[in-house]
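Visitor: Mind looking over this structure? Questions follow.
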Amino acid sequence: QVQLVESGGGLVQAGGSLRLSCVASGITFRLIAMGWYRQAPGKQRELVARITSSGSTDYADSMKGRFTISRDNSKNTVYLQMNSLKPEDTAVYYCNTKWLAMDYWGEGTLVTVSL
């Protein structure tokens, strides 16, 4: 059974930093791409960043230069380092992967950025 469990969200002031973690189980982690998405209140879920099995990354334009996605295959974990946070980054952040043609999501972790 595939499970994705996010952690690391919380309340932070604008300009601050947070690091999110997502631990995956039930999959061969080193073989799969992982992604972070977010959903702000009243908005659609959007891509934040992705990382392939080989470590190649891509980011949504508004996150480039501020967010960094990384992975530790020995820990089955993908990270999202978020710096220079803005109030508009407030959202629930979700971990995502595709495994055996199925789409899997974690339950999300809430990030709130205050002025």
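Visitor: Out of the residues in segment 104-115 that are of a type outside the set (G, A, S) and modelled with pLDDT of 95 or more, which is most open to solvent (accessible area, probe 1.4 Å)?
Guide: Filtering segment 104-115 for residues that are of a type outside the set (G, A, S) and modelled with pLDDT of 95 or more, the one most open to solvent (accessible area, probe 1.4 Å) comes out as E107.
Visitor: Among the residues of segment 3-13, which ones are at negative phi and either loosely packed, with under 13 Cβ neighbours inside 10 Å or not aliphatic (A, V, I, L, M) (or both)?
Guide: Q3, E6, S7, G9, L11, Q13 - these are the residues of segment 3-13 that are at negative phi and either loosely packed, with under 13 Cβ neighbours inside 10 Å or not aliphatic (A, V, I, L, M) (or both).
Visitor: Related question: Among the residues of segment 14-31, are any within 13 Å of the chain's Cα centre (by Cα), surrounded by 16 or more Cβ atoms within 10 Å (Cβ to Cβ) and either in a loop (DSSP other than H, G, I, E, B) or at pLDDT below 95 (or both)?
Guide: No, there is no match, as no residue in segment 14-31 is within 13 Å of the chain's Cα centre (by Cα), surrounded by 16 or more Cβ atoms within 10 Å (Cβ to Cβ) and either in a loop (DSSP other than H, G, I, E, B) or at pLDDT below 95 (or both).
Visitor: Could you check segment 66-97 and list, in sequence order, the residues that are open to solvent by 50 Å² or more (accessible area, probe 1.4 Å) and over 14 Å from the mean Cα position of the chain (by Cα)?
Guide: Hits for segment 66-97 are N73, S74, K75, S84, K86, E88.
Visitor: Need at least 1 residues that are in contact with a Lys or Arg (Cβ under 6 Å, 6 or more places away or on another chain) per element, so show me which strands (runs of 3 or more DSSP E) inside segment 39-94 make the cut, counting only ones lying wholly within it.
Guide: Qualifying strands (runs of 3 or more DSSP E): 46-51, 57-59, 77-82.
Visitor: Separate question: Within segment 48-65, take every residue that is in contact with a helix residue (DSSP H, G or I) (Cβ under 9 Å, 6 or more places away or on another chain) and open to solvent by less than 60 Å² (accessible area, probe 1.4 Å) and give me the one that is modelled with the lowest pLDDT.
Guide: M63
Yes/no per residue for (1) in contact with a Phe, Trp or Tyr (Cβ under 7 Å, 6 or more places away or on another chain); (2) β-branched (V, I, T); (3) closer than 14 Å to N76 by Cα; (4) free of Cβ contacts under 8 Å to residues at least 60 places away in the same chain:
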{"position": "V12", "(1), (2), (3), (4)": "no, yes, no, no"}
{"position": "G16", "(1), (2), (3), (4)": "no, no, no, no"}
{"position": "S21", "(1), (2), (3), (4)": "yes, no, yes, yes"}
{"position": "F29", "(1), (2), (3), (4)": "no, no, yes, yes"}
{"position": "G35", "(1), (2), (3), (4)": "no, no, yes, no"}
{"position": "Q44", "(1), (2), (3), (4)": "no, no, no, yes"}
{"position": "T52", "(1), (2), (3), (4)": "no, yes, yes, yes"}
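The values are calculated or read from the model by the stated rules, or taken from the named source; none is laboratory data. Quick caveat: nothing in here was measured; it's all calculated off a predicted structure. All Cβ positions, glycine included, derive from the backbone under ideal geometry; neighbour counts span all protein chains shown. To get the accessible areas, we keep the full protein, side chains included, count just its heavy atoms, and leave off ligands, DNA and RNA. Shrake-Rupley method; radii C 1.70, N 1.55, O 1.52, S 1.80 Å.
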